[in-house]
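**Q** The structure that follows is given in the form of structure tokens.
The values are calculated or read from the model by the stated rules, or taken from the named source; none is laboratory data. This structure is a prediction, so every number in the text was calculated from the model and none was measured. Note: ideal-geometry Cβ built from the backbone for every residue, glycine included; neighbour counts use all protein chains shown.
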Amino acid sequence: MRQFCAIFVAMMLLTTARASETDLKALIVDGQNNHNWKGTTPVLKQYLEQTGLFDVDVASTGKDTSEFAPKFADYSVVVLNYNGSDWPKETQQKFVEYVRGGGGVVVFHAANNSFPKWKEYNTITGLGGWGGRNEKDGPYIRYRDGKIVRDLSPGRGGSHGRQHEYIVETIDPKHPITKGLPAKWRHVSDELYDRLRGPAENLHVLAAAYSDKSTNGTGENEPVLFTINYGKGRVFHTVMGDNVQQMNCVGFAVTLQRGAEWAATGHVTQEIPEKMPTSETVLRVN
């Protein structure tokens, strides 16, 4: 993803000029994942830096996590691109203290698979999948007939059908992250996570997508963008972005950028691009 479309670049240059005095620090955590973290972390970093709002560092665990101890408190937002071995207990505690004290978090795709037995992590991320999760871990969250429903039905936590383009429906058009976005926009072919379940405490759904049974989905409108408040901390959670190709979507990039700014500061200063995907057509970054 080295060449950006002209419209997207123009929008980012405008943002950069407006935010030239802003100094936010972001930390991307990776190093283990059942997904292509070596490919997706550079894209996350590039999208964040393109806003002109963030200086971005990367902390990789390596195969042995025993010495993993990033200084979370040095950052405005921590972007989780991690799904792997447990962190040391002290690092876990430092992360919880960071979020509870007002630190921002972005949960990216498979990061919600991680740490099924770490209670506070699951509260911070709101919903998760796989790792043996089921009804003991909390409800499904569905969007039915214009209402958010906490579905307590028994069953597995986490699944997805085959990759396909799907329509993202904005549920809350007034939230700073989604304000100004199209009511509906088409995402590039990607996994659509469904059957996610978890504590879902202080969780607010921003956007949902229909998990069509024809693609081996649930037949439910599943949350794809949502926020969680944890103590004084703000968490933005996006289920999109299975790999580099699936991140090549203006809708994904814009919501990631806006979500990261909101998690870091509580507000969003970025402008919506003049051209966005519609309900009929996707719009790729390059």
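For (1) in contact with a helix residue (DSSP H, G or I) (Cβ under 9 Å, 6 or more places away or on another chain); (2) of a type in the set (D, E, K, R); (3) assigned to a strand (DSSP E or B), each residue gets a yes or a no:
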site: Asp55; (1), (2), (3): yes, yes, yes
site: Lys63; (1), (2), (3): no, yes, no
site: Ala73; (1), (2), (3): yes, no, no
site: Phe95; (1), (2), (3): yes, no, no
site: Tyr98; (1), (2), (3): yes, no, no
site: Pro116; (1), (2), (3): yes, no, no
site: Tyr121; (1), (2), (3): yes, no, no
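**Q** Run Ile28 past the list (1) at pLDDT 95 or above; (2) touching an Asp or Glu at 6+ places or on another chain (Cβ under 7 Å); (3) of a type in the set (A, V, I, L, M, F, W, C) and report the number of the one that doesn't hold.
**A** Answer for Ile28: the failing condition is (2).
**Q** Need the failing condition index for Ala69 against (1) aliphatic (A, V, I, L, M); (2) surrounded by 17 or more Cβ atoms within 10 Å (Cβ to Cβ); (3) more than 24 Å from Phe226 (Cβ to Cβ), just the number.
**A** For Ala69, the failing item is (2).
**Q** Run Gly157 past the list (1) surrounded by 19 or more Cβ atoms within 10 Å (Cβ to Cβ); (2) within 17 Å of the chain's Cα centre (by Cα); (3) under 22 Å from Ser114 (Cα atoms); (4) of a type outside the set (A, V, I, L, M) and report the number of the one that doesn't hold.
**A** The failed condition is (2).
**Q** Which of the residues spanning the stretch 89-113 are buried (at least 24 other Cβ atoms within 10 Å of the Cβ) and among the polar types (S, T, N, Q)?
**A** Once the filter is applied, which keeps residues that are buried (at least 24 other Cβ atoms within 10 Å of the Cβ) and among the polar types (S, T, N, Q), the stretch 89-113 yields only Asn112.
**Q** Kindly list the number of the only condition in (1) without any contact (Cβ under 8 Å) to a residue 40 or more places away in the chain; (2) touching a Ser or Thr at 6+ places or on another chain (Cβ under 7 Å); (3) closer than 21 Å to Gly233 by Cβ that fails for Thr65.
**A** (3)
**Q** In addition: Restricting to the stretch 160-183, and then to whatever is of a type in the set (D, E, K, R) and touching a strand residue (DSSP E or B) at 6+ places or on another chain (Cβ under 6 Å), can you tell me which residue is surrounded by the fewest Cβ atoms within 10 Å (Cβ to Cβ)?
**A** First pass over the stretch 160-183, keeping only residues of a type in the set (D, E, K, R): 162, 165, 169, 172, 174, 179.
Then keep just the ones that are touching a strand residue (DSSP E or B) at 6+ places or on another chain (Cβ under 6 Å); that gives 165, 169, 172.
Values: Glu165: 15, Glu169: 17, Asp172: 17.
Across the stretch 160-183, the extreme among qualifying residues is Glu165.
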